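The values are calculated or read from the model by the stated rules, or taken from the named source; none is laboratory data. What you see is a predicted model, and the numbers here were worked out from it, not measured in a lab. Just the protein is used for accessible areas: all its heavy atoms, side chains included, with ligands, DNA and RNA removed. Shrake-Rupley method; radii C 1.70, N 1.55, O 1.52, S 1.80 Å.
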Amino acid sequence: ETFESITSVNTLPSCMAATGLGGLVTTYLAATTYNRINHTTGGSKFAAFRWGSNDWIYTPGLYLTAGSQYQFSYWYITDGYAGWTNLKATVGTAQTPAAMTTIIGTVANPTNTSYQQYTGTFTPTTSGYYFFGINCVHTTAPWYLSVDDIGVDLVFAPCVPTASNNTPICAGNSFTLTATNAANSPNAIITW
């Protein structure tokens, strides 16, 4: 999600949600003071958490398959001031703080003044709809922490190649060795 679909300040792309929208969470159409800038190449829109926040930005509901691994990512930048206690990535079954029961990871005390990417993975044990959340907590001094380019990607596990031949193999006869799924496993080592 690049936020490029929004057409006015303090609105969210379709099916996204946020706590404190218009107060402690703001969306912008263009860069502004305190290092509030977008990350999307050629874009101008983004979201930001403000001082005093303990707020959330949620993705739309996504259907995830049990046993598949998903990577959740977003880009973030601060105004450089200390006081952001954590920036937490979570996943849950609804767009509410109480439903965000699985913590994927936390960025502790960010103060970066150039965009950095957070990435973490999640593997559901049950297939169904899930929501990813970003929680930002502020203590005292900072002004703004901006977020852009939120993504959820399916991580493709390499396939296990299987080897076979046209047996029986007899001296003097030709034979064929076959490996399936090899294209999906570029680093696989096959020993005949």
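Can you give me the accessible area per residue for region 112-151, using a 1.4 Å probe, in Å²? It amounts to 41 Å² per residue over region 112-151.
Put simply, the amide H of residue 144, placed in the peptide plane, has neighbours under 5 Å in 79, leaving out anything fewer than 5 places away on its chain. For region 1-145, the carbon plus sulfur part of the accessible surface works out to 51%, probe radius 1.4 Å. Translational diffusion of region 1-160 was estimated from the Stokes-Einstein equation, with Rh taken as the Kirkwood radius over Cα pairs; at 10 °C and 1.306 mPa s the coefficient is 101 µm²/s. Can you give me the C-alpha center-to-center distance between region 93-126 and region 39-70, rounded to a whole angstrom? Cα centroid to Cα centroid, the span is 9 Å.
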